[in-house]
Amino acid sequence: MANVKMAQGFADSKMTSKLPRTLGLWSSVALVIGITIGSGIFRSPAGIAQKVPDPRVMLLLWLAGGAITLCGALSLGELAAALPETGGLYAYLREGWGRLPAFLFGWSELILIRANALGGIAIVFGEYLLRSLNIDPIEHYLVARSLSAGAIAFAAAVNIRGAHIGAFVVGIATWAKFTALAVLAVSAFVLGGSHGATLSNLTGQGSGGGTDAVAPLAMGGMGLALVSILWAYDGWADLSFASGEVKSPDRNLPRAIILGTLAIIAIYLMTNVAYLYVNPIGRVAESQLVAADTMLALFGRGGVVVVSMFVMISSFSSLNGSMLASPRVFFAMADDGLFFETIAKVHPRYRTPYVAILLAGLLGMALVLSRSFESLTDTFVLAIWPFYALGVAAIYRLRRRRPDLNRPYRAVGYPFIPAVFVISVVAFVINALAHEPVSTSITILLILSGAPVYWFAFARPRSR
């Protein structure tokens, strides 16, 4: 219900950061977890196993991705407590680095980040929907993608009609995600032994995953696999977008971000161990719908239907969460005179940011019909994580330039922990440039294309 109150407060506001504070600590923790657990843990393991065909290294990379994310959470908590403003990361970039980097983030959110996120999430929804009906989504590719595009359109319509409806779906689905992962993991450990599961799968010695079949590991492949893992972890910072709606933000924001991130790391490691316990690494690499295939091995056809329904609910709730979160950025930017007011326009009847939702939905539908899941998710990570790094790096700048800023929470391990996060993000971007230069360069150029727009329309400070 806290999610409902949050969305209602947002819908009733009109380009203002003075939103009612309705989110307590545990509802904020639930929001972090609910937003983060979307489609990645149910879809990404196949692509990761293809790039890193060794179960031990795969699990280490999931742990490394969690450690990087935790470093970001431990660091971003300082900014969230010191600058509890609606818009979150946008506000940190603006205060730390100025108007141009903040604008480029909003620009990227509009043309790259949100559309690719919607596309990646919706693909999982369409594929698991067909699998629940015993239809192969690979053989019926166009049907799966059409269902994905339809899910985006429906989510957009729901959120235009009323933010409280979309928030209700997000709130309910958080429990569905937990239930799906808990049932899958517990079932794997309790029943797996009688259905061919073996601990040797976790060392690469199981059937179909022997060391003879394991391809040589390369640093480049590990770096690209980490990009896919960071897609699954993304969402840990989204609570910052609703900073203006969290009670006692100086205490609850950093606590919620850190506790939520720790819970997600534990859930993801447990789930991947369950996948690999039941399925050898070679089978995981071939399984685009690894959660369904794991439940098929344990429970037969009925298990596939059950887990597919949970994943569909999880994916659709993530679509709604994305539709709810991003307009806050545009609202905050429009308040600063740093974005197109038309984009942040509120519907006269439904009191929702319908233009931003409609635009994000149309771009998401176009991408879901034209790009692969891996392309969508990799573009998303390469577009948004550099802004996370820039936001975390703002800690150093603000401590030097604004030493008098009230900091109820100071980053644990400063200056080492923030540096680990920033360096890790820089490293995987460089790795992506080296191994996928064309797609990575296009992503960077699209981000930078916002600079001329800024200089032409928004370089002169103004405020509504």
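Inverting the pair-averaged 1/r between distinct Cα atoms of the chain gives 22.1 Å as its Kirkwood hydrodynamic radius.
Between 0 and 90 degrees, the angle of helix 373-401 with respect to the longest Cα principal axis of the chain falls at about 50 degrees.
The charge dipole of segment 2-457, taken about its Cα centre with unit charges on the Cβ of Lys, Arg, Asp and Glu (plus for the first two, minus for the last two), comes to roughly 1160 debye. For residue 345, the aspartates and glutamates whose Cα falls under 16 Å of its own Cα, not counting residues fewer than eight places away in the same chain, are 12, 335, 336.
How much length is gained if the chain between residue 457 and residue 404 is pulled fully straight, taking 0.36 nm per residue apart and subtracting their Cα-Cα distance, in nm to one decimal?
Full extension of this stretch gives 15.8 nm more.
Calculated [222 nm] ellipticity per residue, helices only, for the chain: -24000 deg cm²/dmol; basis is -39500 (n - 2.57) per DSSP H run with n ≥ 4, divided by all residues, nearest 500. So what's the angle, to the nearest 10 degrees on a 0 to 90 scale, between helix 301-335 and the longest Cα principal axis of the chain? Taking Cα atoms only, the helix is inclined about 20 degrees. Extension gain for the segment residue 153 to residue 369, taken as residue separation times 0.36 nm less the Cα-Cα distance, is 76.5 nm to one decimal. Taking a ≥ b ≥ c as the square roots of the eigenvalues of the Cα gyration tensor of segment 299-402, is the shape rounded (a/c under 1.5), prolate (a/b larger than b/c) or oblate? Oblate, because a/c is 1.5 or more while a/b does not exceed b/c. Each Lys or Arg adds one and each Asp or Glu subtracts one; over the other residues with Cβ under 14 Å from the Cβ of residue 255, this totals +1. Counting charges near residue 227 (Lys, Arg +1; Asp, Glu -1) among other residues having Cβ under 13 Å from its Cβ returns a value of -3.
Once the dipole of the chain is set up with Lys and Arg at +1 and Asp and Glu at -1 on Cβ about the Cα centre, which of 154, 228, 269 lies farthest towards its positive end? Comparing the listed Cα positions along the dipole, 154 ranks first. With contacts taken as Cα pairs under 8 Å and at least 6 residues apart, segment 2-457 reaches a relative contact order of 36 percent.
Counted by Cβ distance under 12 Å from residue 161, the other residues give a net charge of +2, where Lys and Arg count +1 and Asp and Glu count -1. Taking the Cα centroid of segment 69-140 and of segment 352-368, what is the distance between the two, rounded to the nearest whole Å? Going from one Cα centre to the other spans 14 Å.
Going by neighbour counts of Cβ atoms within 10 Å, the residues 44, 194, 439 line up, fewest first, as 194, 439, 44.
Bear in mind that the values in this text are calculations on the coordinates, not laboratory data. The structure displayed is predicted, hence computed values, not measured ones. All Cβ positions, even for glycine, are placed from backbone atoms using ideal geometry, and neighbour counts span all protein chains on display.
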